[in-house]
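Worksheet for the structure shown next.
Derivation of every value follows stated rules applied to the coordinates shown; laboratory data play no part. This structure is a prediction, so every number in the text was calculated from the model and none was measured. Cβ placement follows ideal geometry from the backbone for every residue including glycine, while neighbour counts extend to all protein chains displayed.
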Amino acid sequence: MKAYHVNKQAQANGDHEVHREDCHYLPSPANKQYLGVFNSCEEAVKVAKRTFPRSNGCIHCSENCHTT
């Protein structure tokens, strides 16, 4: 199980990326929101979408949940 965070700052395309706690691309503390501890990125993205409907998995740490 891993802890996940969502970037509160949207990317240029409007997506809010979901990152594992150990991701090299984890946003700064001011730009991230803790989501919780999950077995998979799918669960984390589902929770992130409650606040940020256009949430997407990070291509580097949550590749299974990344959509283009």
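Count the net charge of all other residues whose Cβ sits under 10 Å from the Cβ of residue 66, scoring Lys and Arg as +1 and Asp and Glu as -1.
-3
Relative to the Cα centre, what is the charge dipole magnitude of the chain, using +1 at the beta carbon of each Lys and Arg, -1 at the beta carbon of each Asp and Glu, and rounding to the nearest 20 debye?
Working: 8 positive and 7 negative charges, 52 e Å.
So the magnitude is around 240 debye.
Among the aspartates and glutamates, select those whose C-alpha is under 13 Å from the C-alpha of residue 46, and discard any that sit fewer than 8 residues away in the same chain.
The reachable aspartates and glutamates, counting only those whose Cα sits under 13 Å from residue 46, are 17.
Per residue and in Å³, how big is the convex hull formed by the alpha-carbon atoms of the chain?
74
From the phi of every residue in the range 51-68, what ³J(HN,Hα) in whole Hz does the Karplus formula 6.51 cos²θ - 1.76 cosθ + 1.60 yield, where θ is phi - 60° and glycine or proline is x?
9, 10, x, 9, 8, 8, x, 5, 5, 8, 10, 9, 4, 5, 9, 7, 10, 9
If you rank 47, 37 by fewest surrounding Cβ atoms within 10 Å, what's the result?
Listing 47, 37 from fewest to most nearby Cβ atoms yields 37, 47.
Please check: in the Gaussian network model of the chain (C-alpha springs, under 10 Å), which one of 28, 55, 40 has the largest mean-square fluctuation.
Answer for the Gaussian network model of the chain: 28.
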